[in-house]
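As structure tokens, the structure follows; a few thoughts come after it.
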Amino acid sequence: MTGEVRPRRADAQRNRERILEAAEAVLAREGTSASVRAVAGEAGVGLGTIYRHFPTQEALYQAVIVDRTRRLLAEADRPSPDPGTAFFTFLERIVVHAAQKKTAADLLAGSGVDPKAGTADVSRDMRQAIGRLLTAAQEAGAVRPDLRTPELLALLCGVCLAAERDEWSDELRRRALDVLFDGLRPRPLS
């Protein structure tokens with residue numbers, strides 16, 4: 001049985017989910033001063049339960065980032081009758097997500113742990129989801145046909161970094177995305 005990963009028991013899976021949910025709430029509330037003890041209190045579990053799932057505080061906060069990103073990815077796979085709206089809504093959610101994950105990434109970076117370590121699969125899945133949404137939006141005529149995934153990712157990366165580092169307000173994010181999205185839409189025929 002070497003190399004096989006046993007599925008988690010249902011109660012262990014529920015504990016893991018409660019811990020991740022609590023860690024996300026504690027991070028949002030306390031920022032970089034968040035402690036594992038506060039997460040345990042929020043989740044209603046003991047410290048030992050947290051450390052059985054996450055051997056270090058950094059592993060816990062990294063799991064929060066990955067979990068949040070996976071939930072975001074699930075949004076990309078939801079069927080939508082309007083591919084253009086689905087595309088632009090998803091891009092906006094990515095920018096909001098980038099700003100929210102800053103606290104967890106700061107905690108990891110401050111401890112010397114790479115916040116992107118172990119997220120290669122999630123990054124690949126994100127690129128694929130964006131590519132699928134882009135293709136569907138272009139086929140629906142909602143996005144300019146000459147836009148390709150690498151250019152879109154470059155633009156999105158720049159916006160996410162700016163939103164994350166400069167801690168954009170909701171108003172600034174909306175205005176900046178309006179300008180970006182106008183540039184992604186098809187140009188009117190002259």
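Laid out as a table, the results:
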read-out: So residue 45, is it outside any helix (DSSP H, G or I), open to solvent by less than 60 Å² (accessible area, probe 1.4 Å) and farther than 22 Å from residue 125 by Cβ; value: yes
read-out: Test: residue in region 105-123 that is at pLDDT 80 or above and basic (Lys, Arg); value: no
read-out: Test result for residue 143, surrounded by 15 or more Cβ atoms within 10 Å (Cβ to Cβ), more than 19 Å from the chain's Cα centre (by Cα) and among the β-branched types (Val, Ile, Thr); value: yes
read-out: Residues located in region 156-180, provided they are in a helix (DSSP H, G or I) and either of a type in the set (Gly, Ala, Ser) or surrounded by 15 or more Cβ atoms within 10 Å (Cβ to Cβ) (or both); value: 156, 158, 159, 160, 162, 163, 164, 173, 176, 177, 180
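Residues are listed down the side, and each one gets a yes or a no for (1) crowded, with 16+ Cβ neighbours inside 10 Å; (2) out of contact with any strand residue (DSSP E or B) (no Cβ under 9 Å at 6 or more places or on another chain); (3) farther than 15 Å from residue 134 by Cβ:
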position	(1), (2), (3)
54	yes, yes, yes
61	yes, yes, yes
65	yes, yes, yes
72	yes, yes, yes
77	no, yes, no
82	no, yes, no
86	yes, yes, no
90	yes, yes, no
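The values are calculated or read from the model by the stated rules, or taken from the named source; none is laboratory data. From a predicted model like this one, the values you see are computed outputs, not experimental measurements. Positions of Cβ are backbone-derived with ideal geometry, glycine not excepted, and every protein chain shown enters the neighbour counts. Keep in mind that these areas ignore ligands, DNA and RNA; they rest on the heavy atoms of the full protein, side chains included. Shrake-Rupley method; radii C 1.70, N 1.55, O 1.52, S 1.80 Å.
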